[in-house]
């Protein structure tokens, strides 16, 4: 297998893996509309009709949690996370690639594993008792919300893999595929 075949395959792999968080992020973005409409509904009920509904009020927390926890990989993909580039600001592309690879392997992945593994029992107990809201009239699916504690680090770990492969391509002096911040390529 030639170097160009390997380069092409690595680029295709990165593109395919990258689409997971892109699609997730785009779907999750619509939750912002649901969150906005729900908050409007809560305010309208409370101040317009002097009424309230616990289920609707709690759903604000669910919408926000879904947006945050499922959107974290998308945010990392689009470089929207907090970054301190003290080390890599003036570094060469290869040095920057090494810094990113070390960051993914030694920082990002261990944190993702810690969050996921430390959440398994907590989420499992919640599922075992089909935990619901502690409030009367609240949403009976708290166990589904807690499942995000496992999904979030999985999506972040996944995007870390994509970024690692992207930087490996830089080290191999291949042109890595940069994330397309505009549209999703057809033919998924």
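By other beta-carbon atoms within 10 Å, ranking 157, 114 with the fewest at the front produces 114, 157. Axis of helix 54-77 versus longest Cα principal axis of the chain: the two differ by about 0°, to the nearest ten degrees. Multiplying the residue separation of residue 98 and residue 26 by 0.36 nm and subtracting their alpha-carbon distance yields 22.9 nm. Using the Kirkwood radius built from alpha carbon pairs, what does the Stokes-Einstein equation give as D for region 3-171 at 25 °C and 0.890 mPa s, in µm² per second? Estimated diffusion coefficient is 133 µm²/s.
Across region 65-126, the fraction of Cα-Cα pairs farther apart than 12 Å, rounded to a whole number, is 77%. Against the chain, whose longest principal axis is taken from its Cα atoms, helix 148-171 shows a tilt of about 20°. The long axis of helix 93-103 is offset from the longest Cα principal axis of the chain by roughly 40 degrees.
Mean residue ellipticity at 222 nm, helices only, the chain: -23000 deg cm²/dmol; runs of at least 4 DSSP H residues each add -39,500 (n - 2.57), and the sum is divided by the number of residues. The packing ranking of peptides 55-64, 121-130, highest mean first, is 55-64, 121-130, where packing means the average number of other beta carbon atoms within 10 angstrom of each residue.
Just so you know, all these numbers are worked out from the coordinates, no wet-lab data involved. All figures in this text were calculated on a predicted structure; none of them were measured in a lab. Don't worry about glycine lacking a Cβ; one is built from the backbone with ideal geometry, like all the others, and counts go over all protein chains shown.
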